[in-house]
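Structure, as C-alpha cells:
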Amino acid sequence: MEYRVLGKTGVKVSALCFGTMSFGGDADFETSSEMFGRCLDTGINFFDCANVYAGGRSEQILGELIAGMRDDLVITSKVCMPVGKGINDRGLSRRHIKQQVEASLKRLNTDRIDVYFVHHFDADTPIEETLRVLDDLVREGKILYPGVSNWSAWQIAKALGISAAGGLARFEVIQPMYNLAKRQAEVEILPLALSEHMGVIPYSPLGGGLLTGKYTSSARPDTGRLVEQASYIKRYGDELNYQIAEDFSAYAHAKEYHPVTLAIAWVASHPAVTAPIIGARNVEQLNASLAAADLAMDAEWRAEVSALSVQPPLATDRAEEQA
C-alpha cells in the first residue's frame, strides 16, 4: 500500500480510504468487521464516516472496530445533514455542530476526530459562523482538521480567505464527487486543491454502481441504487452516462481489468487526488476495489480512459483554450 501526505497536515494516509456508509445498513456487524479486517490487512489506515450513515449506527460499529488501535488510524466524520425531525436538527450553526460533534465522539468512542467534514453547504448560516466553531473545536482538540464536502469551488475559496484573514483553522481536505461520468470537479475544485495544497478524497468513484460493469445503454439490474433511489436516478439518469458505462466496461474487459478496479485507479490517477473513497457491502465486493491499490495509471493511460467520457467545459467561455 502506498501512503500519501494528506494536504498540508503532515499526516500520512493510505492511497485508498474505506467509506463505512454500509456499516449497520447493507452490512451487519459481522460483515462490517470482516471488511474492516480486510482493509487493515491490505494496509488501509484511513476510514471515512458520517453522523447520518445508518442513523448513527455506522459510527457506532466503526467505534467498536477501532478500539485498541485508534492511534494507528485516521478517522473522519461529517455534520450538516438532518439527524432528526426538529427544525434545528440540521445545518452548520454553532448550536448544531457542537451538539453533533459530541454525539459523533461518543458513538466513535474516541476523544477526537481526525478530519471533520461539513457535509453540505448551509445557506442559512454565515460561513464565518461555521468556521469559528470549527476553529474552536480544533483548539479544544475534539477535531484535528476541518474538511469540506459538496461545496462549490467559490464557496471553498471564500472560506479559505475568511480563515486566512481571521487566523482560523482552515479546510484542509476536500471530499468531492468524482468519477468517469461525473467530472465537474476537474474544472475548479481539483485545481483549487492543487493550488492550496489541500488533501482530496473523492467519493463515488464507481458512480453509485454505474461503472461496475452491470449497466449498459440497454441493460439495467433489477436492484441497486441507480434503479431504487430517487437521488441516484436523478444524478445518473441521462442516457449518456449509461453509454459511458457501456464503453468503459468494454474497454476494461478488453484490457483484462475488472471495471471496478480500473474506475478507481482512474480517479486515483488525478494529480490532485490523495485517496479515493471505496465502499462495499461485503468482502467479495470489496476485493475488486482493493486491487486498485496495485494499479498505477500514468498520464497517457489516464488520457485514453478519459476519452471514453465527456471532458467538462472550462470555467470560462474561452473554448479555444481547452486542452
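Of note:
- Remark: Val187, Val273, Val115 ranked as Val187, Val273, Val115, counting other beta-carbon atoms within 10 Å and listing the fewest first.
- Sorted fewest first by neighbouring Cβ atoms within 10 angstrom, Ser218, Ser289 come out as Ser218, Ser289.
- For the range 151-232: relative contact order, % (alpha-carbon pairs under 8 angstrom, 6 or more apart): 24 percent
- Rg/Rh for the range 23-70 stands at 0.94; both radii use Cα atoms, and Rh follows the Kirkwood definition.
- Cα point-scatterer Debye curve for the range 221-323, base-10 log of I(q)/I(0) at q = 0.18, 0.25 Å⁻¹: -1.10, -1.45
- Those trypsin sites (Lys or Arg not before Pro) in the range 39-92 that DSSP places in a loop and that have at most 10 other beta carbons within 10 Å: Lys85
- Principal axis dimensions, largest first and in whole angstrom, of the range 94-208 by Cα: 38, 33, 27
- Sequence of Thr31, Thr261, Thr76 once ranked by neighbouring C-beta atoms within 10 Å, starting from the fewest: Thr31, Thr261, Thr76
- Dipole check for the range 196-292: with +1 at the C-beta of Lys and Arg, -1 at the C-beta of Asp and Glu, and the Cα centre as origin, the magnitude is about 160 Debye.
- Of interest is the spacing of the C-alpha centroids, which for the range 231-258 and the range 86-163 amounts to 35 Å.
- Under the criterion of Cα pairs below 8 Å and six or more residues apart, the relative contact order for the chain equals 18 percent.
- The range 200-245: Cα Rg divided by the 2.2 N^0.38 Å rule of thumb: 1.09
- When only the Cβ of Lys, Arg, Asp and Glu is charged (+1, +1, -1, -1), the dipole of the chain relative to its Cα centre reaches about 820 debye.
- Ellipsoid semi-axes in whole angstrom, largest first, where each is sqrt(5λ) of the Cα gyration tensor of the range 1-121: 24, 17, 12
- Rg [Å, one decimal], Dmax [Å, integer] - the range 69-147, C-alpha atoms: 12.2, 39
- Additional length obtainable on full extension of the chain from Gln184 to Ala307, 0.36 nm per residue less Cα span: 42.8 nm
- Cβ-derived FRET efficiency at R0 35 Å, Tyr3 paired with Glu239, nearest 0.05: 0.30
- The translational diffusion coefficient of the chain, from Stokes-Einstein at 20 °C and 1.002 mPa s with a Kirkwood hydrodynamic radius over alpha carbon pairs, comes to 106 µm²/s.
- About the Cα centre, charge dipole magnitude for the range 254-323 (Lys/Arg +1, Asp/Glu -1 at Cβ), debye: 260 debye
- Over the chain: helical MRE at 222 nm, DSSP H runs n ≥ 4 each giving -39500 (n - 2.57), nearest 500: -12000 deg cm²/dmol
- The range 267-297 and the range 1-77 have their alpha-carbon centroids 14 Å apart.
- Descending semi-axes in whole angstrom, ellipsoid equivalent of the range 168-275, from the Cα gyration tensor: 27, 16, 11
Only the coordinates and a few stated rules stand behind these numbers; no lab work does. Bear in mind the structure is a predicted one, so any value in this text is a computation, not a measurement. Please note: Cβ atoms are built from the backbone with ideal geometry, for glycine as well, and neighbour counts cover all protein chains shown.
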